[in-house]
Amino acid sequence: MKGIIALLLITISTLCNATEQAETIFKQLAPSLYQIRLIDKASGEKSSIGSGFQITHDGLIATNYHVISGYARHPNKYKIEYLDNKGKKGTLELMSVEVINDLALVKREVTEDMPFFAISDSTPSKGEELFSLGNPHDLGMIVVPGTYNGLKKESFNDRIHFTGSVNSGMSGGPVVNAQTEVVGINVATSGNQIGFLVPHDKLVKLFNAYKISPPASIEEQMLAQLTQNQEKLISTLLTSEWQLKQLGEGLIPTVNVPFIRCWGDSNADKTDALILTAVANCTLEENTFLSSHFFTGFLEMEFRYMQAKELSDTKFYTLYEQQIKRAGPANKARKEDVTEFQCQHDVVKPTLNGIKNKAIFCTRAYKDFSGLFDILYLAASIDKNDKALLSHFTVAGVTQDSAMAFTKKFMESVTWK
């Protein structure tokens, strides 16, 4: 009993110290913290809110791209405002963005030098206590203690795993160490005390590029970033090991990279099922946010094996066709963002041990980002009477060359056992 009481006293003391330190940090840094508001011009009301923090004496503020994405995509519809710790409002100008790492730089007018956040020169140690600042649910600025847990292993683009309550509205807020130096930027949460941060070196890179040469066009800057990232992604995938895995009587590919994860399911336990079905789905564990209705940088591969159980060929293919019709693009986009899909249909004859497929290859172009496309590929085997293998992928925001290289690799990797 004495041991339990001692442990409770230590825990309470630790929590009190963390709370006191958080309060001290908040009082010290509050003048450099802002609520960032996207205002709909027509209604005059808030469309979204987030957080931001000043990083220079002359009014340059860092936040998340997704906080101000509405303005970046539709500057005639919105304006960006700040609300400071004394309740003062003002207009912000968008200066630069980094859509892959969800960062943006905005600027307010100042008449004198102002306090600002220092950015750390080093990476935190695993287990180090950090403090996340932000404006959760429009309730006012707060400080949340948490722990640095290193980089998320499943991310293609670096994200810090932070044990702490990063909530809606805290996006774009700074995360500081005990010396009040910025080591990360709030970006996302999975709930249950699981938060994700953009590492501070991504902000340093954006800031240094901005100092050397501010972008002439935000749209052109975004296009260059999207193009570079997709080329890096597709190149990484094509040069990685593609392992063949059995699915029913077929062989399907899995790519040996940590940022693509696969899941499976089947109806093998359903004895009354007319068709035995086994499904494997592999997806990139992230995407790139362009707007609330437009996501890119995504990849998904799905495979569905079907085998008839005492069905006629006609009935089997009727049910098979129903599965084919359900395939569609896995990323979100609206007609103002992309063109209609243009599709080519063909019968692909097999090589040795290959599959004779009826294949559909569809592309839709990005209207504001010239040279980038969403790709939808679907192949349905047509060389077996009582079994079939459906293979499908979506890859979003790629160039034509990347799309063709990935498609070729994918087609060559799906075979019968």
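The values are calculated or read from the model by the stated rules, or taken from the named source; none is laboratory data. These numbers come from a predicted model, not from an experiment. FYI the Cβ positions are ideal-geometry reconstructions off the backbone, even for glycines, and counts take in every protein chain you see. Surface areas here come from the heavy atoms of the whole protein model, side chains and all, with no ligands, DNA or RNA. Shrake-Rupley method; radii C 1.70, N 1.55, O 1.52, S 1.80 Å.
Which members of the stretch 263-276 meet the condition of being part of a strand (DSSP E or B) and either at pLDDT below 90 or open to solvent by 60 Å² or more (accessible area, probe 1.4 Å) (or both)? Reasoning before the result, please.
Filtering the stretch 263-276 down to residues part of a strand (DSSP E or B) leaves 263-266, 275-276.
Within the stretch 263-276, 263, 264, 265, 275, 276 meet the criteria.
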Problem set entry | Pairs where the first residue, in the stretch 381-408, is closer than 19 Å to residue 233 by Cα and the second is of a type in the set (Asp, Glu) and assigned to a helix (DSSP H, G or I), C-beta under 8 Å, 6+ apart | 399/231; 402/231
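Residue-wise test of (1) at pLDDT below 95; (2) in contact with a strand residue (DSSP E or B) (Cβ under 9 Å, 6 or more places away or on another chain); (3) hydrophobic (A, V, I, L, M, F, W, C).
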position: 174; (1), (2), (3): no, yes, no
position: 183; (1), (2), (3): no, yes, yes
position: 187; (1), (2), (3): yes, yes, yes
position: 191; (1), (2), (3): yes, no, no
position: 203; (1), (2), (3): no, yes, yes
position: 207; (1), (2), (3): no, yes, yes
position: 211; (1), (2), (3): no, no, no
Problem set entry | Candidates 190, 168, filtered to the one that is over 21 Å from residue 85 (Cβ atoms) and open to solvent by 50 Å² or more (accessible area, probe 1.4 Å) | 190
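Here's the yes/no breakdown for (1) on the phi > 0 side of the Ramachandran plot; (2) open to solvent by 40 Å² or more (accessible area, probe 1.4 Å); (3) in contact (Cβ under 8 Å) with a residue 60 or more places away in the chain:
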site	(1), (2), (3)
87	yes, yes, no
127	yes, yes, no
135	no, no, yes
151	no, yes, no
157	no, no, yes
160	no, no, no
Exercise. Given the structure, is residue 217 small (Gly, Ala, Ser) and at pLDDT 95 or above?
Worked result: yes
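When you look at residue 79, is it over 21 Å from residue 182 (Cβ atoms), part of a strand (DSSP E or B) and either open to solvent by 10 Å² or more (accessible area, probe 1.4 Å) or modelled with pLDDT of 95 or more (or both), yes or no?
On the way: over 21 Å from residue 182 (Cβ atoms): yes; part of a strand (DSSP E or B): yes; either open to solvent by 10 Å² or more (accessible area, probe 1.4 Å) or modelled with pLDDT of 95 or more (or both): yes.
When the stated conditions are applied, residue 79 passes them.
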Exercise. Under 6 Å by Cβ, and 6 or more places apart or on different chains, what pairs join a residue from the stretch 284-310 that is at positive phi with one that is of a type in the set (Ser, Thr, Tyr) and buried (at least 21 other Cβ atoms within 10 Å of the Cβ)?
Worked result: 297/288
Exercise. Is it the case that some residue within the stretch 111-119 is open to solvent by less than 10 Å² (accessible area, probe 1.4 Å), under 25 Å from the mean Cα position of the chain (by Cα) and not acidic (Asp, Glu)?
Worked result: no
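Against the condition closer than 21 Å to residue 223 by Cβ and open to solvent by 30 Å² or more (accessible area, probe 1.4 Å), how does residue 64 come out, does it pass?
Details: closer than 21 Å to residue 223 by Cβ: yes; open to solvent by 30 Å² or more (accessible area, probe 1.4 Å): no.
Judged against the criteria, residue 64 is not a match.
Please tell me if residue 285 is closer than 20 Å to residue 403 by Cβ and either of a type in the set (D, E, K, R) or open to solvent by less than 40 Å² (accessible area, probe 1.4 Å) (or both). Spell out the reasoning first.
On the way: closer than 20 Å to residue 403 by Cβ: no; either of a type in the set (D, E, K, R) or open to solvent by less than 40 Å² (accessible area, probe 1.4 Å) (or both): yes.
No: the conditions fail for residue 285.
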Exercise. Out of the stretch 203-223, which residues are surrounded by 13 or more Cβ atoms within 10 Å (Cβ to Cβ) and either small (Gly, Ala, Ser) or not in a helix (DSSP H, G or I) (or both)?
Worked result: 209, 215
